[in-house]
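Q: Have a look at this one before I ask anything.
The values are calculated or read from the model by the stated rules, or taken from the named source; none is laboratory data. Quick caveat, the model's predicted, so the values are computed rather than measured. With ideal geometry, Cβ positions are generated from the backbone for all residues, glycine too; neighbour counts draw on all protein chains shown.
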Amino acid sequence: MRRLRATAYFAAGIALCFTVMTAIHAVGAVPRSYSPYRKLKLFTRVLSYVENNYVEFVDDRKLIYGAIGGMLNVLDPHSIFMPPDQYRQLKADTQGEFFGIGIEVEIRKGWITVISPIEGSPAHQAGLKSGDQIVEIEGKSTADLPMHQAVRIMRGPRGSRVKIAVKRAGAKKPIPFEITRDVIKIVSVTSKRLPNNIGYIRIKSFQEQTHEALGRALKELNKDKRLAGLILDLRNNPGGLLSQAIRVSDFFIDRGLIVTTRGQRGVIQEAEKAHRSGTYKNVPITCIVNEGSASAAEIVAGALQDHKRAVILGSSTFGKGSVQQIIELDDGSALKLTVARYYTPKGRSIQEHGIQPDIIVQATAPASQKKRGVRERDLRGHLRNPKAAGKNKVGRSRLKDFQLQTAIDHLHAAQIFNRHLFNKKTADEKGS
């Protein structure tokens with residue numbers, strides 16, 4: 001009897017909502033027969049049948065959550081309903097610490113797919129890669145498993161283990177992994193100084209304080225006012241907060257658009273512009289991206305590319321060009337809804353196509369560059385160069401990271417070129 005009464009109350013609420021919305025649409029000259037809220041009658045009827053006739057007891061909350069989730073499943077992969085536990089997971093991610101294996105995932109072609117493993121995480125150390133499709137968790141197929149449930153299963157106490165299997169391009173069979181969970185603490189910005197006064201900054205994700213961490217890193221690298229070039233590494237950065245992508249771009253662009261968002265019918269929602277203050281506008285930049293660079297990372301790369309503020313180097317990015325809004329609901333759940341597409345300053349949509357680098361550089365060097373022919377110094381008994389005495393290596397050491405090494409070479413070449421131009425200009429002025 002109590003369940004019948006609860007169902008009746010719920011149905012009455014839906015009917016009232018239907019009546020009000022129908023009236024609103026009538027005022028707006030929408031024919032009653034076309035009102036989408038007429039379908040709510042069908043929903044309440046099905047709900048009543050299930051509650052009163054299904055062979056086993058079904059929790060009302062589970063039915064409603066399932067209905068909402070199913071409604072959003074017909075939209076795009078990024079529009080989801082998050083029950084309270086999943087919403088808590090999301091908030092923990094943006095704050096920078098949680099327990100798990102350390103991967104960013106989304107639904108792609110019906111499968112839970114790795115966007116990128118978090119650098120230094122158990123998943124990263126185990127060898128998971130961007131594009132891996134998680135087909136099994138603890139021996140069970142993920143074909144019909146909602147993503148938030150998969151994430152919840154993969155998370156757990158520190159030191160516990162989880163078994164997963166992934167389908168990888170080029171592999172004939174799923175690849176099994178057994179990964180030990182750990183504390184996943186995301187340090188969003190790391191930096192170091194490289195030779196020739198080149199600074200290196202890696203942004204791993206866009207969290208609440210990323211722009212502040214970037215500001216401190218830039219200040220430290222440029223404390224002697226001698227920063228000659230900057231490498232901005234956005235590889236395997238799955239994105240994060242749009243507001244942080246805008247603030248990060250603003251460090252390097254002094255005027256004009258950074259990103260535009262367009263909602264229904266192409267109406268502009270926001271047009272974010274750069275500001276002059278605090279801009280590192282004269283530092284040459286090479287920005288490295290790859291297929292794991294997504295969302296907010298693509299906004300930054302696209303803005304730098306359109307403003308000709310940086311040379312984009314690496315491989316094509318992921319291609320997520322949509323904006324999601326988080327709407328918190330009364331019971332602790334939340335709606336993550338795609339509300340707009342974002343566009344680069346020149347009006348390019350990144351959706352599907354991603355950012356195409358100015359210079360295509362794959363992750364590893366081609367075999368032709370790895371092999372080196374025999375030189376004079378390789379011959380037994382060759383004459384020594386007396387000026388090179390005491391040196392064990394000829395030339396400067398090379399990094400194993402081929403994309404990073406190429407970025408360094410690019411900036412170094414620009415330094416040499418600019419120095420030659422300066423010397424030539426000085427010589428010409430003296431000659432005149």
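Q: Among the numbered criteria (1) crowded, with 19+ Cβ neighbours inside 10 Å; (2) of a type in the set (A, V, I, L, M, F, W, C); (3) under 16 Å from Val339 (Cα atoms); (4) free of Cβ contacts under 8 Å to residues at least 40 places away in the same chain, which one does Ala274 miss?
A: (3)
Q: Can you spot a residue in segment 11-26 that is at pLDDT 85 or above, in a helix (DSSP H, G or I), surrounded by 15 or more Cβ atoms within 10 Å (Cβ to Cβ) and out of contact with any Asp or Glu (no Cβ under 8 Å at 6 or more places or on another chain)? So that I can check it myself, show each step before the final result.
A: Looking only at segment 11-26, we keep the residues that are at pLDDT 85 or above, and these are none.
There is no residue in segment 11-26 that is at pLDDT 85 or above, in a helix (DSSP H, G or I), surrounded by 15 or more Cβ atoms within 10 Å (Cβ to Cβ) and out of contact with any Asp or Glu (no Cβ under 8 Å at 6 or more places or on another chain).
Q: Exactly one condition in (1) at pLDDT 90 or above; (2) assigned to a helix (DSSP H, G or I) is false for Gly332; which is it?
A: Just one mismatch for Gly332, condition (2).
Q: Also, quick follow-up: From the list Ala150, Ala143, which residue is under 25 Å from Glu291 (Cα atoms), surrounded by fewer than 16 Cβ atoms within 10 Å (Cβ to Cβ) and of a type outside the set (Val, Ile, Thr)?
A: Values: Ala150 fails: surrounded by fewer than 16 Cβ atoms within 10 Å (Cβ to Cβ).
The match here is Ala143.
Q: Would you mention how many residues in segment 302-329 are of a type in the set (Gly, Ala, Ser) and not in a loop (DSSP other than H, G, I, E, B)?
A: Taking segment 302-329 as the starting set, the residues that turn out to be of a type in the set (Gly, Ala, Ser) are 302-303, 310, 314-316, 319, 321-322.
Adding the requirement that they be not in a loop (DSSP other than H, G, I, E, B) leaves 302-303, 314, 322.
Counting residues in segment 302-329 that are of a type in the set (Gly, Ala, Ser) and not in a loop (DSSP other than H, G, I, E, B) gives 4.
Q: List pairs: first in segment 130-153 and at negative phi and in a strand (DSSP E or B), second of a type in the set (D, E, K, R) and modelled with pLDDT under 85, Cβ under 9 Å, 6+ apart or cross-chain?
A: If the second residue must be of a type in the set (D, E, K, R) and modelled with pLDDT under 85, the pairs left are Gln133/Arg108; Gln133/Lys109.
Q: If the Cβ limit is 8 Å and pairs must be 6+ apart or interchain, which residue in segment 318-330 that is farther than 20 Å from Ala245 by Cα pairs with which residue that is modelled with pLDDT of 90 or more and assigned to a strand (DSSP E or B)?
A: Listed by first residue and then by second, the contacts come to Ile327/Ala334; Ile327/Leu335; Ile327/Lys336; Ile327/Leu337; Glu328/Ala334; Leu329/Leu335.
Q: Consider only pairs whose beta carbons are under 7 Å apart and that are at least six residues apart or on different chains; among these, list those whose first residue lies in segment 293-316 and is over 18 Å from Arg255 (Cα atoms) and in the same structural domain as Tyr343 (by TED's automatic domain parsing) and whose second residue is surrounded by fewer than 24 Cβ atoms within 10 Å (Cβ to Cβ) and among the hydroxyl-bearing types (Ser, Thr, Tyr).
A: Listed by first residue and then by second, the contacts come to Leu313/Thr406.
Q: I've got another one for you. Which one is farthest from Ser79 (Cα to Cα), of the residues in segment 108-129 that are charged (D, E, K, R) and in a loop (DSSP other than H, G, I, E, B)?
A: Going through segment 108-129, the residues charged (D, E, K, R) turn out to be 108-109, 119, 129.
From what is left, the residues that are in a loop (DSSP other than H, G, I, E, B) are 109, 119, 129.
Values: Lys109: 15, Glu119: 26, Lys129: 24 Å.
Once the filter is applied, the top-ranked residue is Glu119.
Q: Is segment 174-186 home to any residue that is free of Cβ contacts under 8 Å to residues at least 24 places away in the same chain and under 20 Å from the mean Cα position of the chain (by Cα)?
A: Taking every residue of segment 174-186 in turn, none turns out to be free of Cβ contacts under 8 Å to residues at least 24 places away in the same chain and under 20 Å from the mean Cα position of the chain (by Cα).
Q: Kindly evaluate Ser121 against the criterion of being at negative phi, touching a helix residue (DSSP H, G or I) at 6+ places or on another chain (Cβ under 7 Å) and buried (at least 19 other Cβ atoms within 10 Å of the Cβ).
A: Details: at negative phi: yes; touching a helix residue (DSSP H, G or I) at 6+ places or on another chain (Cβ under 7 Å): no; buried (at least 19 other Cβ atoms within 10 Å of the Cβ): yes.
So Ser121 fails the test.
Q: Further question on the same structure: Based on what the data block shows, is Val259 part of a strand (DSSP E or B) and at pLDDT 95 or above? Full working, then the answer.
A: Numbers: part of a strand (DSSP E or B): yes; at pLDDT 95 or above: yes.
The answer is yes for Val259.
Q: Right, here's the next one. Determine whether segment 179-189 contains at least one residue that is farther than 25 Å from Val105 by Cβ, surrounded by 13 or more Cβ atoms within 10 Å (Cβ to Cβ) and touching a Leu at 6+ places or on another chain (Cβ under 7 Å).
A: Filtering segment 179-189 for residues farther than 25 Å from Val105 by Cβ gives none.
Scanning segment 179-189 turns up no residue that is farther than 25 Å from Val105 by Cβ, surrounded by 13 or more Cβ atoms within 10 Å (Cβ to Cβ) and touching a Leu at 6+ places or on another chain (Cβ under 7 Å).
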